[in-house]
């Protein structure tokens, strides 16, 4: 039996790959009341043919669907191209009137079995404590690993004056040729579960309103990118290589980004996220006028051996 033909039956329910169903079923499912979406720059339809996308049904109508994506995967349609490590729950939906707990548990069984076959040992999910999926994750054995907090700045124009050492650093627009080095920055700066692989960074470069890198001695030592929605912007990423930390490079990237958003795009509100455990970055953001919003998001984690430690904070600004 090939992965694409994989199918099993649990208590009268059929569990198989989503692409075994009509694509119109995905559209219908996406319109239901209980939908969890952390696909970032993708749509569910772009993952329709992926064998990381599972569905459960009692008839031709899907009861629930679940997409769990490894951090490092070469082909989004083929789970076999994933590298061992961690994965994230990216999309999940349950048909109205169906028990989320009853529908999702066999989906988790099938999905986790396949993930372990390709070397995935831990699955993460970022979810609000009051979200319907949170109770299902707790029932499944997911535990709190960290929190993600959101910070916001209104109207403030940052001070772009830096000391003499900053003259050696150049902040410029990112290009396609930078992606390999940018991915190296991520690898050095973050725990495995928080890294962005090359295909994600390429998509971010296509989609972002402002994507810049910081260069020192001809080497990329940091980067940031931000998304814009009308009068609001969100700084999605701000990273500095560990060997270059402590030199104000993160502050330079942040100041440059905020200056561009405020002056060139006339953005009024800027938000960003960071882990609650990353107190170093929080001090930087406070300097730039960012204030913490509520509620916090929970980083939930389920590992099949020993759970990875909470992220300890990779940025030293």
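The values are calculated or read from the model by the stated rules, or taken from the named source; none is laboratory data. The model shown is predicted, which means the values in this text are computed figures rather than measured ones. No Cβ is skipped: glycine too gets one built from the backbone with ideal geometry, and neighbour counts run over all protein chains shown.
Residue 101 - would you say it is within 17 Å of residue 304 (Cβ to Cβ) and in contact with a helix residue (DSSP H, G or I) (Cβ under 7 Å, 6 or more places away or on another chain)? No; evaluated as a whole, the condition is false for this residue. Report whether or not residue 251 is closer than 22 Å to residue 290 by Cβ, in contact with a helix residue (DSSP H, G or I) (Cβ under 9 Å, 6 or more places away or on another chain) and not in a helix (DSSP H, G or I). Considered against the rule, which asks whether it is closer than 22 Å to residue 290 by Cβ, in contact with a helix residue (DSSP H, G or I) (Cβ under 9 Å, 6 or more places away or on another chain) and not in a helix (DSSP H, G or I), residue 251 comes out as no.
One residue stands out in segment 264-309 among those that are without any contact (Cβ under 8 Å) to a residue 24 or more places away in the chain and under 28 Å from residue 231 (Cα atoms): the one that is surrounded by the fewest Cβ atoms within 10 Å (Cβ to Cβ), namely 294. Residues 113, 75, 63, 147: which one is in contact with a helix residue (DSSP H, G or I) (Cβ under 8 Å, 6 or more places away or on another chain) and outside any loop (DSSP other than H, G, I, E, B)? Testing whether each residue is in contact with a helix residue (DSSP H, G or I) (Cβ under 8 Å, 6 or more places away or on another chain) and outside any loop (DSSP other than H, G, I, E, B) leaves just 63.
Yes/no matrix, rows are residues, columns are (1) outside the structural domain of residue 239 (by TED's automatic domain parsing); (2) surrounded by 18 or more Cβ atoms within 10 Å (Cβ to Cβ):
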| position | (1), (2) |
| --- | --- |
| 117 | yes, no |
| 125 | yes, yes |
| 174 | no, yes |
| 177 | no, no |
| 195 | no, yes |
| 201 | no, yes |
| 207 | no, no |
| 211 | no, yes |
| 223 | no, yes |
